[in-house]
Every structure is written in C-alpha cells, then in structure tokens.
Amino acid sequence: MRAIITGASAGIGQEMARQCHAKGLEVWLTGQNRDALTRLSKELSDAPWLSVDLSQKEGQIALLTWVADIEIDLWVNNAGYGAWTDVIDAKEDQLEKMIRLNVEALVHLSRVMAKKMVQRGQGRILNVASTAAFLPGPHMAAYYASKAFVLSFSESLHWELRGSGVTVTTLCPGPTRSQFFTRAGMGKMPLLDGPWMPIMSSGAVARAGIRATFSGKRRMVPGIFNYLSSLAPIFIPRFAQLGILNWLQGTKNQ
Ligand SMILES: NC(=O)c1ccc[n+]([C@@H]2O[C@H](COP(=O)([O-])OP(=O)(O)OC[C@H]3O[C@@H](n4cnc5c(N)ncnc54)[C@H](OP(=O)(O)O)[C@@H]3O)[C@@H](O)[C@H]2O)c1
C-alpha cells in the first residue's frame, strides 16, 4: 500500500507520514522545506520526496507528474496555513496565495486523484480542514472561509463517490502543536492563551485522522473540546459566533 502526503515536512503531515510508515505503508513525501524532507526521508527508510510550492499551478502539476505512473492507496491533502490579519491589513496577494493552497490545490489534487482511484475501484483520500470550518473567524476571515470550503467540498465528494470503493475523509483539528501559529503570524490572543483551550499534539491529531480514513469515515473532529465546538453553530446564533471569535482572535490592532 502506498500513501502520498502533502505538507509532510512539518507538524500534522509529518506525524501522519511517520504513522503510515509504522503501519507498513510505502510513504511518499511532499512539502517545501528540503532539509526537513531529507531528514524525514532518512528516518522513513529513504522515502521518496518532492519539494514543491502547491500554491503555484506549476507545483501542483509537478506533483501530479511525479506520481502519474504509480498506484496510490491513500492521498492526504494536508498542506495548508493560516493568516492572522484583518482583511484590509493583508499584504498584496497574501490571502489569495493562501487560498490557492488551501482551496485550489486541494480541489485540483482531490479531483485528479478521486478519478484515478474510482477507475481502479479503490482508494482513500484524507483532506485536512479545521474546526474553523464550522464558524466565521474575524481576524482570520479568509482562513476560516477556506476551511469551510474544504469541509463542504470534501463531504460532498465523499457522498458523490458512495459505492465506488473510494472514500473521502475530512479531518477537522482544533488548535494543535505545530508550526501553524508561527507561520500564521499569531501572537498573544485569548484563543491560545486561555487555560480553557486544550492544544492537542500533532501525533494525536494525525492518529485520529488516519484511523478515521481507514474506517472510511466522512468526518473526524479529534478531541472532545473540538467536537463540542463543531456543534456550536447549532446552539449559538451567527452574530454571537462572530462576537466570540472576534474576542478570541483579537488582534494587536484593537
Ligand atoms: N495546527 C493547528 O492548530 C491546526 C488546526 C486546524 C487545522 N490545521 C491544518 O492542518 C494542516 C497542517 O498544518 P500544521 O498544523 O501541521 O502546520 P505546519 O506545521 O505549519 O505544517 C504545514 C505544512 O504545510 C506545508 N506547506 C505550507 N505552504 C505550502 C506550500 N505553498 N506548498 C506546499 N506545502 C506547503 C508546509 O511545508 P514547509 O514547512 O516545507 O513549507 C508544512 O509541511 C493545515 O492544513 C492546517 O490548516 C492546523
């Protein structure tokens, strides 16, 4: 069995790669950071790796060309990041570039892989969204919206593929220890500083995602606190969600 993992150079993706390898899967790694990929490849019996920027069309094509002739049992769309900024303060192309990775690359890679897997009559796709998918997120508006897209798109794809032998699982982690917060430029805020906010390890999140994927589940929200927050939209009106998230993610500008 072979697994391809995007965003395998750090955090949740790196842990997924380790866990798939430990399960006996042949793991192929992609990310951007060559040093991190080289190190992980050595650790995982010289796993093949490719450094690509998936926010660029050329990067997406290079990845698909790299895997064109192999059979793939598990495809993980994990690469993604956030941007902690108010919309009008964002740098030119900052939000658009993030959306090209979090949304466009994920759609493109899911579509091509799903088609290939359906022709073979088997396969698993794991798409990484977030608990951000369930709520609007002032000060990280485009990131929250991108993850809402990932959840909606991936669950619909899961439904479309019923009976084909191919399943699509959406993993919705809450706050998780990784490079995510530094990469997003996140500083002090109640969301991360409050004692009420349990932060899970990348290993625990990866384990829950891989297990759910091999069981063919549609959605996995790891951790009880995260699961409860995924239910918040049922009980909390939208204007109150906006107020709560505005406070939790309050920026230095306020
Ligand atoms: N950590 C959290 O709190 C949290 C919560 C909910 C959802 N998530 C989601 O979980 C996923 C993994 O994030 P993480 O927490 O593991 O963060 P991370 O440690 O920052 O890892 C992100 C991964 O994405 C890759 N990546 C970033 N930009 C890329 C690009 N342009 N092209 C190709 N690869 C790129 C990175 O590669 P390089 O390092 O090589 O650039 C890295 O391997 C993301 O989709 C994120 O949105 C995270």
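The values are calculated or read from the model by the stated rules, or taken from the named source; none is laboratory data. Here the structure is a predicted model, which is why all the values come from computation and not from measurement. Here the Cβ is made from the backbone with ideal geometry for all residues, glycine too, and neighbour counts use every protein chain on show. These accessible areas exclude ligands, DNA and RNA; they are computed on the full protein's heavy atoms, side chains included. Shrake-Rupley method; radii C 1.70, N 1.55, O 1.52, S 1.80 Å.
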Quiz prompt | Selection status of Arg120, touching a residue at least 24 places away in the same chain (Cβ under 8 Å), more than 14 Å from the ligand (Cβ to nearest atom) and basic (Lys, Arg) | solution = yes
Quiz item: Within the range 110-205, which helices (runs of 4 or more DSSP H) (wholly inside it) include 3 or more residues that are at pLDDT 95 or above?
Solution: 141-160
Practice problem: Using the structure shown, decide if Gln56 is of a type outside the set (D, E, K, R), touching an Asp or Glu at 6+ places or on another chain (Cβ under 8 Å) and within 12 Å of the ligand (Cβ to nearest atom). | Solution: no
Practice problem: All but one of (1) exposed (fewer than 13 other Cβ atoms within 10 Å of the Cβ); (2) part of a helix (DSSP H, G or I) hold for Pro233, so report the exception by its number. | Solution: (1)
Quiz item: When residues of the range 5-47 are filtered for being crowded, with 16+ Cβ neighbours inside 10 Å and either more than 13 Å from the ligand (Cβ to nearest atom) or not hydrophobic (A, V, I, L, M, F, W, C) (or both), how many remain?
Solution: 21
Exercise. Being more than 18 Å from the chain's Cα centre (by Cα) and among the polar types (S, T, N, Q) narrows it down to one of Ser215, Ser202, so name that one.
Key: Ser215
Practice problem: Residues being open to solvent by less than 30 Å² (accessible area, probe 1.4 Å) and in contact with a helix residue (DSSP H, G or I) (Cβ under 7 Å, 6 or more places away or on another chain): count how many of those fall in the range 165-185. | Solution: 11
Exercise. Give just the number: which of (1) farther than 20 Å from Trp159 by Cβ; (2) of a type outside the set (Lys, Arg); (3) within 11 Å of the ligand (Cβ to nearest atom) does Val128 not satisfy?
Key: (1)
Practice problem: Search the range 206-225 for residues being within 21 Å of Pro136 (Cβ to Cβ) and at pLDDT 95 or above, and hand back the single one that is least open to solvent (accessible area, probe 1.4 Å). | Solution: Val221
Quiz item: What tally of residues in the range 117-127 results from selecting those that are open to solvent by 10 Å² or more (accessible area, probe 1.4 Å) and out of contact with any helix residue (DSSP H, G or I) (no Cβ under 7 Å at 6 or more places or on another chain)?
Solution: 5
Practice problem: Those residues that are open to solvent by less than 20 Å² (accessible area, probe 1.4 Å) and not polar (S, T, N, Q), I need them from the range 50-72; list them, please. | Solution: Val52, Leu54, Gly59, Leu63, Val67, Ile72
Practice problem: Could you figure out which of (1) under 19 Å from Gly82 (Cα atoms); (2) within 10 Å of the ligand (Cβ to nearest atom); (3) open to solvent by less than 30 Å² (accessible area, probe 1.4 Å); (4) out of contact with any Asp or Glu (no Cβ under 6 Å at 6 or more places or on another chain) isn't true of Met197? | Solution: (2)
Quiz item: For the range 85-93, does any single residue satisfy the condition of being within 15 Å of the ligand (Cβ to nearest atom), within 30 Å of Leu248 (Cα to Cα) and surrounded by fewer than 20 Cβ atoms within 10 Å (Cβ to Cβ)?
Solution: yes
